[in-house]
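The values are calculated or read from the model by the stated rules, or taken from the named source; none is laboratory data. What you see is a predicted model; the values in this text were computed from it and never measured. Reconstructed Cβ throughout: ideal geometry from the backbone, glycine too, with neighbour counts over all protein chains shown. The accessibility values were calculated without ligands, DNA or RNA, using every heavy atom of the protein model including side chains. Shrake-Rupley method; radii C 1.70, N 1.55, O 1.52, S 1.80 Å.
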Amino acid sequence: MAKFSIRRLFDVRDMTSGSPMACIAQFSVPLLIGNLAQQLYSTVDSIVVGQYVGDGALAAVGASNPVINLLLVLFIGISTGAGIMVSQYFGAKQREQLSMTVGNCMTLTLLSSLVITVLGVVITRPLMGLLNTPEEIFDMACDYMLIIFLGNVGTSYYNIVSGILRGLGDSFTPLVFLLVACGLNIVLDLYFVAVLGMGVAGAAWATIISQIISAILCILRLWRMKDIISIDRKTLRLHGFYALQLARLGLPSGITQGIFSLAMIVVQSLTNSMGTAVIACTTVVMRVDGFAMMPNFTFGTAMTTFAGQNMGAGLLDRTRQGTRAGLKLAVICACILTLCILLFGENLMRMFTSTDEVVRLGMRMLRVIAVGYIAMAVTQTLSGVMRGAGDTLTPMWISLITTVVLRVPVAYIWAFLTRSEALPHGSSDAIFFSLLISWVMGALITTYFFRRGKWRQKAITGNADRSVQFD
């Protein structure tokens, strides 16, 4: 019995039958643990450099992240398109189309990784100069970014292949491989930074080595799933239809992430102008924030797979039931985790820094954005359903409106209005109040477009019964 139960954890999961809430919960638990482990990559980097190098190194890692995220949008788009197509073809039991999708994803990932590496190396130093990066952390931030870009192939393939596995209903295997890599990352971080004294460069090398290993393990797992898919020269060769479908479905998500990253870069420039202490504080808050966001991202991904499989199978009424179940789970988890962060946030922040000023300012920022996590639970869940159905454009436009049209102007206007002799560049409140406003508005707009229901006409397999109405 024990052997059977362990083996079932590694099986693909058909989410078109059984209790919707049970399916979503069982799929989400390993996914949530995996997302938390993924967050540990950047968190451990920040903790180690903050404790062993100082607040300047901590700020350098934080200042580089928005630029890194911007240049990784290519494979984020491929991953999103792949997850949607894989889940729908798997739900429709169309093996040939499923295999062609996976093969084309593997090839596109390699090409995008090469582009990102070259582009990242070329623009790193000029871009950091444009962002008003303080001189005392400039070289450290550039070193960190360059190493991450040189090893981005591991990051790319892990995210792409784990997304494919999740589309097949397997959220457990990527978790196991990620936990292995995460443990290795912690060991290498301590060895490179604390023992060898390599500074932020050591943290970057630890990250990319660990992610390359997790990517290799995921690829080997996918390669062995011959009973479900075929990976050979035919499927690896780029095919116009599948490449275009991946682009059509994935490009809006990639653009969304790109827009978000560009906005973060613009806001990062504002943050950089406020000094190293504010940069370090923002870095710590964003690390804690990353853990608070994990349930939201988890249920968003779970609902993409659930909706994709059920839309592919033509089960729209079941998709509606699953949406309600997923929304309940997401909001409950967001409330619990938000409460924990408010209660224990100071202890978490002192893991990164012992500077009282940074901790005090960070707790103020966390209290500002706390309610926003619940709003994001709604946004991510409903957006996940729309993406799973094949509608990736609507979430893109919502992100464009809330991030570019709303958050960036509010941040700069707030900073301008709060300028003083003591704060020549404005109050740091501008950074996080603008974020809270954009999150709340995003939830309201997403709910409105979800209830309109046009997303249910987007399934790519042609099996969907579009007559079902959603409340």
With +1 at each Lys and Arg Cβ and -1 at each Asp and Glu Cβ, the charge dipole magnitude of the stretch 226-323 around its Cα centre, to the nearest 20 debye, comes out at 340
Taking a label point 7 Å from the Cα of S273 along Cα-to-Cβ, the residues of the stretch 412-456 whose backbone nitrogen sits under 11 Å from it are 412-417, 419, 424-427
Hits in the stretch 398-414: amide N under 18 Å from the 7 Å Cα→Cβ extension of L444, namely 398-411
Using a 1.4 Å probe on heavy atoms of the protein chains only, the accessible area for R324 in Å², nearest 10, reads 120
Rounded to one decimal in nm, the spacing of the 7 Å Cα→Cβ label points at Q51 and V405 is 4.6
Treating only Lys and Arg (+1) and Asp and Glu (-1) as charged, each at its beta carbon, one finds that the chain has a dipole about its Cα centre, in Debye to the nearest 20, of 1880
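With a 1.4 Å probe and all protein chains in place, put D139, D391 in order of accessible area, largest first. Mind dumping the intermediate values first?
Working: D139 90, D391 10 Å².
Final ranking, largest accessible area leading: D139, D391.
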Residue by residue through the stretch 228-238, the couplings from Karplus 6.51 cos²θ - 1.76 cosθ + 1.60 with θ = phi - 60°, in Hz, x for Gly and Pro, are 10, 9, 10, 10, 8, 4, 5, 6, 6, 6, 4
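Would you please put 415-426, 393-404, 115-126 in order of how densely packed they are, using the mean number of other Cβ atoms within 10 angstrom per residue and starting with the highest?
Details: 415-426: 12.7, 393-404: 20.5, 115-126: 15.2.
My ranking of the peptides, most packed first, is 393-404, 115-126, 415-426.
Can you tell me how much longer the chain between Y191 and R451 gets when fully stretched, taken as 0.36 nm per residue apart minus their C-alpha distance, in nm with one decimal? Before the final figure, lay out each step's value.
Working: separation 260, 0.36 × 260 = 93.60 nm, distance 5.19 nm.
Computed gain between Y191 and R451 is 88.4 nm.
May I ask for the equivalent-ellipsoid semi-axes of the stretch 237-368, computed as the square root of five times each C-alpha gyration tensor eigenvalue and listed largest first in whole Å? If you can, show how the numbers build up before the last one.
On the way: eigenvalues 267, 104, 19 Å².
Taking √(5λ) for each Cα gyration eigenvalue gives 37, 23, 10 Å.
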So the carbon and sulfur contribution to the accessible area of the chain, 1.4 Å probe, in percent, is 67
In Å, the Kirkwood estimate of hydrodynamic radius for the stretch 314-471 over Cα pairs equals 17.8
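For the stretch 127-210, what is the Kirkwood hydrodynamic radius in Å, using each pair of distinct C-alpha atoms?
On the way: mean 1/r = 0.0696 Å⁻¹.
The Cα-based Kirkwood calculation yields 14.4 Å.
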With every protein chain kept in place and a 1.4 Å probe, the chain has an accessible area per residue in Å² of 40
Summing +1 per Lys or Arg and -1 per Asp or Glu among the other residues with Cβ less than 10 Å from P30's Cβ gives 0
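Rule-of-thumb check for the stretch 62-214: C-alpha Rg over 2.2 N^0.38 Å? All intermediate terms of the calculation are to be shown ahead of the outcome.
Details: Rg = 17.4 Å, N = 153, 2.2 N^0.38 = 14.9 Å.
This ratio for the stretch 62-214 stands at 1.17.
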For volume of the Cα convex hull per residue in Å³, with candidates (i) 134; (ii) 265; (iii) 194, the value calculated from the shown model is option (i)
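So how strong a dipole does the stretch 145-281 carry about its Cα centre when Lys and Arg Cβ are +1 and Asp and Glu Cβ are -1, to the nearest 20 debye? Mind dumping the intermediate values first?
On the way: 8 positive and 4 negative charges, 104 e Å.
Dipole magnitude for the stretch 145-281 comes out near 500 debye.
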Farthest towards the positive end of the dipole of the chain, among L110, P409, L327 and with Cβ unit charges of +1 on Lys and Arg and -1 on Asp and Glu, lies the Cα of L327
